[in-house]
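Notes for the one structure printed next.
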Amino acid sequence: MNSHAFMESLKMIMPPPGLTPPLEALWWDAKGDWSRAHGRVDALETKEAMAVHAYLHRKQGDQSNADYWYRRAGEQYRRTTLDEEWNALVAGLVG
């Protein structure tokens, strides 16, 4: 899957099969379901999942929790705006 296909999948009711949990979390986030997005990455220990986890807490307004996850994931995905960060995460995860 590439970024364009991922963006097109947002027209669907459910995420397409085969998405990684971090990518599925971003899918649910784009659909406005923060809780479901968070649930997809909450217990995962991969750098990708922790980066998405950080983004979600930043979006929620919980900066101290976001900072914790950014430290664990590294800072490579953090961007000035949430939209820029979401796009960078998607681009990095679809590879």
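Overview of values
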read-out: Cα centroid separation, region 1-27 to region 28-71 (Å); value: 16
read-out: Modelled FRET efficiency - R0 25 Å, residue 36 with residue 68, Cβ distances, 0.05 increments; value: 0.70
read-out: Only Lys, Arg (+1) and Asp, Glu (-1) charged, at Cβ; the chain dipole about Cα centre in debye; value: 20
read-out: Residue order, fewest to most beta carbons within 10 Å, for 24, 8; value: 8, 24
read-out: Relative contact order, percent, the chain [alpha-carbon distance under 8 Å, six or more residues apart]; value: 26
read-out: For 52, 41, 90, order by how many other beta-carbon atoms lie within 10 Å, fewest first; value: 90, 41, 52
read-out: Anchor residue 31: aspartates and glutamates whose Cα lies under 19 Å away (excluding residues fewer than 8 positions away in-chain); value: 8, 42, 83, 84, 85
read-out: Three-way shape call for region 20-94 based on the alpha-carbon gyration tensor, with the a/c threshold at 1.5; value: rounded
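Where a number appears in this text, it was derived from the coordinates with a stated rule and is not lab data. Since this is a predicted model, take the numbers as computed values, not measurements. Quick reminder, even Gly has a Cβ in these numbers, built from the backbone with ideal geometry, and neighbours come from all protein chains shown.
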